[in-house]
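Undergrad: Provided herewith is a single structure, encoded as structure tokens, for subsequent inquiry.
The values are calculated or read from the model by the stated rules, or taken from the named source; none is laboratory data. What you see is a predicted model; the values in this text were computed from it and never measured. Here the Cβ positions follow ideal geometry from the backbone for every residue, glycine too, while neighbour counts run over all protein chains shown. Calculation scope for accessible area: heavy atoms of the full protein, side chains included, ligands and nucleic acids excluded. Shrake-Rupley method; radii C 1.70, N 1.55, O 1.52, S 1.80 Å.
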Amino acid sequence: MTTFDLFRRAGVPAVAVALLSLTACSGSSGTSASPTVTVTVTASPSPSPAEPSADPAASGTPAAETPTDSGTTAPTRKPGKAGPPITDKTPAPFGGTLQSDPGHDFTKGLSPSSDGVVRGQLVAMHDENVAEYRPVKFVREYGGSTSGHFEGPPEGDVTAFAAPIAKNVVFFSALGCDGKDQTIDGQYLGTQRCSRDKLVLRADAGDLRALITVRGGQIVKVTEIYVA
């Protein structure tokens, strides 16, 4: 076996073996020693193993589940403390309590109040015929009999109604039909009779406080209350 074969089995590159052989041959000529050739063999490091992926799907580890809402339902809102019931008797224009409607089922959405007269506020039109309204009370200020403001049911109270406005409804405005006059009697109630269209426009604006008369599930009369 030759020296070349030994180096080949040791894994030394062929170029390095050849250079070593030349050096050995030069040294045997007996004249002068040739410079020694140093061969450096550098082994390349094997690739490092890849780091594990942080993606749960790639690693096969199931991700932690996100907590879900327990589905707790908010408590059903109810009408507030019952005041005097709605009747055919006309309430005081500046009464300090909210009227009630005993037996009315407020869980079935908006519907007409019982027949009678409601001191209320027309707050919106649901379409060209149906008006939403709610009872109001007068809160006095500065000690005057008509100085103050109207308030509806408190936050969270569902006392509200909706009823069609009758085709032949009677509307008495406290501000005139153009909204620029003062047309009232001694009780600060409107006296100027205006059209149904004017009533619909005022109701849609949501700023009309009045004595609202309901008959057979329809609004048949609206008398505006004047507030200074």
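Undergrad: Please work out which residue is modelled with the highest pLDDT, limiting yourself to the range 99-121 and to residues that are over 20 Å from GLU151 (Cβ atoms) and of a type in the set (D, E, K, R).
TA: The qualifying residue modelled with the highest pLDDT is ASP115.
Each row is one residue, and each column tells you yes or no for (1) open to solvent by less than 70 Å² (accessible area, probe 1.4 Å); (2) within 26 Å of GLY83 (Cβ to Cβ); (3) not in a strand (DSSP E or B).
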| residue | (1), (2), (3) |
| --- | --- |
| GLY120 | yes, yes, no |
| GLY186 | no, yes, yes |
| ARG209 | no, yes, no |
| VAL227 | yes, yes, yes |
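Undergrad: Considering only residues that are open to solvent by 70 Å² or more (accessible area, probe 1.4 Å) and at pLDDT 90 or above, which ones fall in the range 138-154?
TA: The answer is GLU151, PRO154.
Undergrad: Hey, another quick one. Just to check your reading of the model, which residue among ALA160, ALA124 is in contact with a Phe, Trp or Tyr (Cβ under 8 Å, 6 or more places away or on another chain) and either surrounded by 18 or more Cβ atoms within 10 Å (Cβ to Cβ) or modelled with pLDDT of 95 or more (or both)?
TA: ALA160
Undergrad: Yes or no: PHE172 closer than 25 Å to ASP101 by Cα, touching a Ser or Thr at 6+ places or on another chain (Cβ under 6 Å) and either of a type in the set (Phe, Trp, Tyr) or assigned to a helix (DSSP H, G or I) (or both)?
TA: Judged against the criteria, PHE172 is a match.
Undergrad: Being modelled with pLDDT under 95 and over 26 Å from ASP105 (Cα atoms), is that true of even one residue in the range 167-179?
TA: Within the range 167-179, one or more residues are modelled with pLDDT under 95 and over 26 Å from ASP105 (Cα atoms).
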